[in-house]
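Read through the structure below, which is laid out as structure tokens, and then see the notes.
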Amino acid sequence: MPRPAVTRAEWLSARMELLEKEKALTRARDDLAAARRALPRVAVSADCSFTGPDGPESLSDLFGPHSQLVVYHFMYGPDLTAGCVNCSFWMDSLDGTAPHLAARDVALVLVSAAPYPQLAAYRARMGWQLRWVSSAGSSFNRDMGVQFTAEEVASGTATYNYRASGFPSTEAPGLSVFQKDPDGTIHHTYSAFGRGLDGLNAAYQMLDLVPKGRDEAALPYPMAWVRRHDAYDAPA
């Protein structure tokens, strides 16, 4: 429904009313971030094995020189020929953040179950610079709640986002945060899944500012419009 056209003074009055709600949300978001940082930690094994461009790597290796590590669980299983379209949508927002995060003692790494050569080829296609490693042969993805058996998917018992969700795929998106102590002990501090990843997507945040918003209500499912950034000229 078209919104009414009003005078500048009327618009300003409505804008100031909304501004108070925005400020309240900002304060609530700050409080939530503080509560997130205050979560307790759980020790994890540093023995998880990954494969990167130079061969085997441990979870500890993924930190590089940093004490904090953010892992984005990118949906790319060994049976796929390309990375997940929706995860690719998110990566376009995150790709340029690594140098800024490194300046604040944070490493950002993508982890997927597909063999490393597949990841490297897709990374080159997308033009991304983010570090990407394979967890093939490791229980890491399952331990972090983003990988399920075919039986769990078929029976609707896959546990995703901390509940039995009936997730439709054996691979799921997510984000996990880790901290490494001076003695090398690694702790898991936080994970997010589903809509918990929403704030990381710059395009969605921008769409939330415009009159039509995300404009997905009439689509078969919310992200039916999304393409890889090199495929928007292809037929839907």
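Pull up the DSSP beta bridges for the chain and report the antiparallel fraction as a percent, rounded to 5.
Working: 23 of 33 bridges.
Close to 70 percent.
Give me the percent relative contact order of the chain, please, defined on Cα pairs under 8 angstrom at least 6 residues apart. Intermediate values should be presented prior to the final figure.
Numbers: 330 pairs, mean separation 50.3, N = 236.
Once normalised by length, the contact order is 21 percent.
If each of Glu22 and His187 carries a label point 7 Å out from its Cα toward its Cβ, how far apart are those two points in nm?
In this crude spin-label approximation the distance works out to 3.7 nm.
Can you tell me how much longer the chain between Trp11 and Asp233 gets when fully stretched, taken as 0.36 nm per residue apart minus their C-alpha distance, in nm with one decimal?
Numbers: separation 222, 0.36 × 222 = 79.92 nm, distance 3.79 nm.
Computed gain between Trp11 and Asp233 is 76.1 nm.
Under 15 Å from the Cβ of Gln179, count the other residues' Cβ atoms, weight Lys and Arg +1, Asp and Glu -1, and hand me the total.
Values: positive: Arg36, Arg37, Arg41, Arg104, Lys180; negative: Asp105, Asp181, Asp183.
That works out to +2.
To the nearest 500 deg cm²/dmol, what mean residue ellipticity at 222 nm is calculated for the chain from DSSP H runs of n ≥ 4 alone, each contributing -39,500 (n - 2.57), summed and divided by the residues?
Working: 8 runs with 76 residues, N = 236.
My calculation for the chain gives -9500 deg cm²/dmol from helical runs alone.
If you take every residue apart from Glu17 with its C-beta less than 13 Å away from the C-beta of Glu17, what net charge results, scoring Lys and Arg +1 and Asp and Glu -1? Could the numbers behind the result be given before it?
On the way: positive: Arg15, Lys21, Lys23; negative: Glu10, Glu20, Glu22.
Computed value for this residue: 0.
Bear in mind these aren't lab numbers, they're just calculated from the coordinates by the rules spelled out. It should be emphasised that the depicted structure is a prediction, and the values quoted were computed from it without experimental measurement. Note that each Cβ is placed from the backbone with ideal geometry, even for glycine, and that neighbours are counted across all protein chains shown.
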